[in-house]
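Engineer: Input: one structure, supplied below.
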Amino acid sequence: MLEQIDSNTDGFVDFEEFVAATLHVHQLVEHDTEKWKSFSQAAFDKFDVDGDGYITPNELRMNTGLKGSIDPLLEEADIDKDGKISLDEFRRLLKTASMSSRNPTPRSVSK
């Protein structure tokens, strides 16, 4: 499943690929609960390299290809503020990103 998200086949899920994948999340949540659970679990497992049930900051850095600070992403996703992302927190992040991508707010992007 993650191979489908990794559209440039570099072995990482970059931010653009992550956002593109979340465009479809709301449909899965609303129309196919089992498929949503399977999709979100597979995505979570890709990030949870050591299989301990949490995504740590180091695992985020290894698998996202994000450059710079991951603190904003971690801060948004880590609801209980334990410094790592659980499966429930990850699913919540996917849903939030999906809703944001459906209702984008205009903003300037600098390179």
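Engineer: Across the range 41-52, in residue order, what do the Karplus-derived ³J(HN,Hα) couplings come to in whole Hz, using 6.51 cos²θ - 1.76 cosθ + 1.60 with θ = phi - 60° and x for Gly and Pro?
Structural biologist: 5, 5, 5, 4, 4, 5, 7, 7, 4, 8, x, 8
Engineer: Continuing with this model, one more query. So if we plug the beta-carbon distance of Met62 and Thr9 into 1/(1 + (r/R0)^6) with R0 = 22 Å, what FRET efficiency do we get, rounded to 0.05? Working shown, then result.
Structural biologist: Values: r = 17 Å, r/R0 = 0.78.
Taking R0 as 22 Å, the efficiency between Met62 and Thr9 is 0.80.
Engineer: Gain in length, Lys81 to Ala42, computed as 0.36 nm per residue apart minus the alpha-carbon separation, to one decimal in nm?
Structural biologist: Between Lys81 and Ala42, full extension yields 11.7 nm more.
Engineer: Can you give the Rg to Rh ratio for the range 32-98, taking only C-alpha atoms and Rh from Kirkwood?
Structural biologist: Across the range 32-98, the Cα-based Rg/Rh ratio is 0.95.
Engineer: Return a whole-number percent for the relative contact order of the range 39-89, with Cα pairs under 8 Å and 6 or more residues apart as the contact set.
Structural biologist: Values: 44 pairs, mean separation 17.9, N = 51.
Relative CO of the range 39-89 lands at 35 percent.
We did not get these values from a lab; they are worked out from the coordinates using the rules stated. On a predicted model such as this, the values are computed, not experimentally measured, just so you know. In this analysis, Cβ positions are derived from the backbone assuming ideal geometry, glycine residues included, and neighbour counts consider all displayed protein chains.
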